[in-house]
């Protein structure tokens, strides 16, 4: 379709708040394109529809914000915070729903469904109470750094219309080792007195294995204090713990959490959705989004966001300094060597023919010669000639291959 990039941009803008009728028209356009053999353009619209549906599953329009049924005094911006006696440093900070981003974080459908279940149970607190049940009061969120764990916890608080008592436990350990147990007690007493969500970030800083011979007795006492306070709070409020290092947690800590939610690194389709989410106001071609997703295999959402920022900068500088996508990827891979898969990083800096062959043959990427030309800034015939240079040699080993591959 001529001017499809404009049509795609219009669909992307409209579908964010799409009515069923508008969604139906986008589906009709996708089907018509597929029927005409425009498979790439049809796939781009399918990707838009899928991303919109995932967002809708967690959007406020579907799950109305509810005031969680929880006892306690109301926190205000003037409520005095608990402090360390020796230094007078605050032991926590308060975030109110108005301070939290209202848009849901992006996760795969399995994680999204699990999160939705937690929120729906809290939204139906009274119905559960009628049958002597309660929504989960404790949740441990774990996974690699940059996967969106803290943002998810804050968004849950936003959905439940609860202020957050945010505690970064690593600071307590490093700064107040001798009085950490007492500070933990004061923190829990404060949270238990107020209607709030208690968010324990960097949870592994305190909740380490008690039988670790390298840990001093103070840490062992701190872990016991933490367990006792978690037990005392379980019927009073909602507590979320976050850790990047779940293997460091004491087994007794795991048992204190009803929900144990792992946030995985995004798969290929989610990486496309994340790149698309952070791309506006730049209107990147679908082939660029797919290549960014392909080269960020194994990366977190935060790392993909960083690459998208690099891409946006490269596309907005003056013409003589503007870089193509492959040059942008090379720059990012150079500055972030450990974040890019070593095999794909090697391809990025290898001979163009090897790179083009890998892109053409990869079933997940699904690139045509036209797609390769679009991301490489070359025409289709030039790409074809580059691939021809490989002859019958294997693109990675250089060894001879048979005529049938």
(request) Confirm whether residue 333 is buried (at least 19 other Cβ atoms within 10 Å of the Cβ), out of contact with any strand residue (DSSP E or B) (no Cβ under 8 Å at 6 or more places or on another chain) and closer than 30 Å to residue 117 by Cα. (result) no
(request) Out of 346, 302, 338, report the one residue that is assigned to a helix (DSSP H, G or I), out of contact with any helix residue (DSSP H, G or I) (no Cβ under 7 Å at 6 or more places or on another chain), under 20 Å from residue 268 (Cα atoms) and at pLDDT below 90. (result) 338
(message) For the list (1) surrounded by 15 or more Cβ atoms within 10 Å (Cβ to Cβ); (2) assigned to a helix (DSSP H, G or I); (3) at pLDDT below 75, I need the number of the one condition that residue 42 fails.
(response) (3)
(message) Just checking: which of the strands (runs of 3 or more DSSP E) contained wholly in segment 91-197 hold 2 or more residues that are under 22 Å from residue 300 (Cβ atoms)?
(response) 138-143, 164-168
(message) For the condition surrounded by fewer than 19 Cβ atoms within 10 Å (Cβ to Cβ), in contact (Cβ under 8 Å) with a residue 40 or more places away in the chain and in a helix (DSSP H, G or I), what is the one hit in 269, 260, 228?
(response) 269
(request) Could you please find all residues in segment 108-132 being touching a residue at least 12 places away in the same chain (Cβ under 8 Å), surrounded by 13 or more Cβ atoms within 10 Å (Cβ to Cβ) and over 16 Å from residue 71 (Cα atoms)? (result) 108, 109, 111, 112, 114, 115, 116, 118, 119, 120, 121
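Consider residue 252 carefully, then state whether it is assigned to a helix (DSSP H, G or I) and closer than 28 Å to residue 155 by Cβ. Before the answer, list the steps.
Numbers: assigned to a helix (DSSP H, G or I): yes; closer than 28 Å to residue 155 by Cβ: no.
Spelling it out, it is not the case that residue 252 is assigned to a helix (DSSP H, G or I) and closer than 28 Å to residue 155 by Cβ.
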(message) Restricting to segment 281-299, and then to whatever is touching a residue at least 12 places away in the same chain (Cβ under 8 Å) and outside any helix (DSSP H, G or I), can you tell me which residue is surrounded by the most Cβ atoms within 10 Å (Cβ to Cβ)?
(response) 296
(message) Which residue is nearest to the chain's Cα centre (by Cα), if the candidates are limited to segment 300-330 and must be touching a residue at least 60 places away in the same chain (Cβ under 8 Å) and buried (at least 19 other Cβ atoms within 10 Å of the Cβ)?
(response) 301
(request) Answer with yes or no whether residue 134 is in the same structural domain as residue 192 (by TED's automatic domain parsing), closer than 19 Å to residue 160 by Cβ and modelled with pLDDT under 95. (result) yes
(request) Could you please find all residues in segment 78-100 being surrounded by fewer than 16 Cβ atoms within 10 Å (Cβ to Cβ) and either over 30 Å from residue 261 (Cβ atoms) or touching a helix residue (DSSP H, G or I) at 6+ places or on another chain (Cβ under 7 Å) (or both)? (result) 78, 80, 83, 85, 86, 87, 88, 89
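The values are calculated or read from the model by the stated rules, or taken from the named source; none is laboratory data. Note that the structure is a prediction, hence the values are computed from the model and not measured. Note: ideal-geometry Cβ built from the backbone for every residue, glycine included; neighbour counts use all protein chains shown.
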